[in-house]
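In what follows, a structure is listed as structure tokens, so that the remarks can point back to it.
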Amino acid sequence: MSDVLISVTDAGDGVRYLTLDRPEKKNAISTAMRSRLLAALQSHDHDPDVRVTIIRGAGDCFSAGYDLSEGLMDDPPYHSAPGDGAWTRQASDGWISIWDLAKPVIAQVHGYAMAGATELATACDLIYVADDAVISYPVVRLASPPDWQYHEPLLGMRHAMELLLTGDGIDGHEATRIGWANRAYPAEVLEASVREIAGRIAGVATDLTQIKKRMVHRQFDVRGGRAAIRAGQEFQALAGHQDSVQGFRADPLGAMKRENRSG
């Protein structure tokens, strides 16, 4: 099994790729991967050769989401207050930190992005997706609300309600229509299209770009977006105390079989 986790590739002209590099595990996001990803992004803020970062996945998908075979709070990249909701606070603080970077970050999504992988993508400043990609958060049908509650602040009440109540996946076209992504492209031209957009952004001086990025995020904060996401942490923690969720945790395979029969 690879221990690379994140591959770094300099594309030139101020563009750098960070590739989630665990294709044998569908690029599942472990604590170590999250730590390396955030550290790399932070280092780009101080690297004059980087003006834009593109995050993508190796192999046949962007990412299957969090690696649940490992402890998500084992040696996390930064402190989170302990107690009920510690994990959702950890997830929220990490993804929000991408918004607070100076330099723009682009998510390039192909194949599928599930659960925690949708959180990583939405933490980026721009999202471009293959039109046949599948975006989903299936765990909301069985275990809990999202760990990072971006749905209502970013997508609006109606779209958020439908996605969270059904747990249904959407393709790249629908993801673009409801505002989850900026644009969808045929899979075979996705990388070239994203690289071209990144190149245009990189052609603008970083000192000006960071002001514009900060302005948009600050306006989102003024509208209450960040506070709304943080308010959702309490509900994610509360879900863990519900009978159905405790039943799922005690017998996840049985719960999934019952869900498949009912669905």
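The numbers here are math on the coordinates, done by the rules we state, and not lab data. If you're wondering where the values come from, they're calculated on a predicted model, not measured in any experiment. Neighbour counts run over all protein chains shown; Cβ positions are idealised from the backbone, glycine included.
Things to note:
- Non-local Lys pairs in the chain, i.e. 8 or more apart or on different chains, that have alpha carbons under 24 Å apart: 4
- Surrounding net charge for Asp131, when Lys and Arg each add one and Asp and Glu each subtract one, Cβ distance under 11 Å: -3
- Value at 222 nm in deg cm²/dmol, rounded to 500, when DSSP H runs of n ≥ 4 in the chain each add -39,500 (n - 2.57): -14500 deg cm²/dmol
- Neighbours of Thr31, meaning other residues whose beta-carbon lies under 15 angstrom from its beta-carbon, give a summed charge of -3 when Lys and Arg score +1 and Asp and Glu score -1.
- Descending by average beta-carbon neighbour count within 10 Å, the peptides 200-208, 63-71 line up as 63-71, 200-208, the highest first.
- For the range 36-91, the list of trypsin sites (Lys or Arg not before Pro) that fall in a loop by DSSP and count at most 10 other C-beta atoms within 10 angstrom is empty.
- Reducing the range 211-231 and the range 154-208 to their Cα centroids gives an inter-centroid distance of 19 Å.
- Rounded to 5, the percent of DSSP beta bridges in the chain classed as antiparallel: 30 percent
- Per-peptide average of other Cβ atoms within 10 Å, ordering 243-250, 106-113, 191-198 highest first: 106-113, 191-198, 243-250
- The long axis of helix 86-99 is offset from the longest Cα principal axis of the chain by roughly 20 degrees.
- FRET efficiency for the Arg158 to Ala239 pair, using the beta carbon distance and R₀ = 25 Å, is estimated at 0.70.
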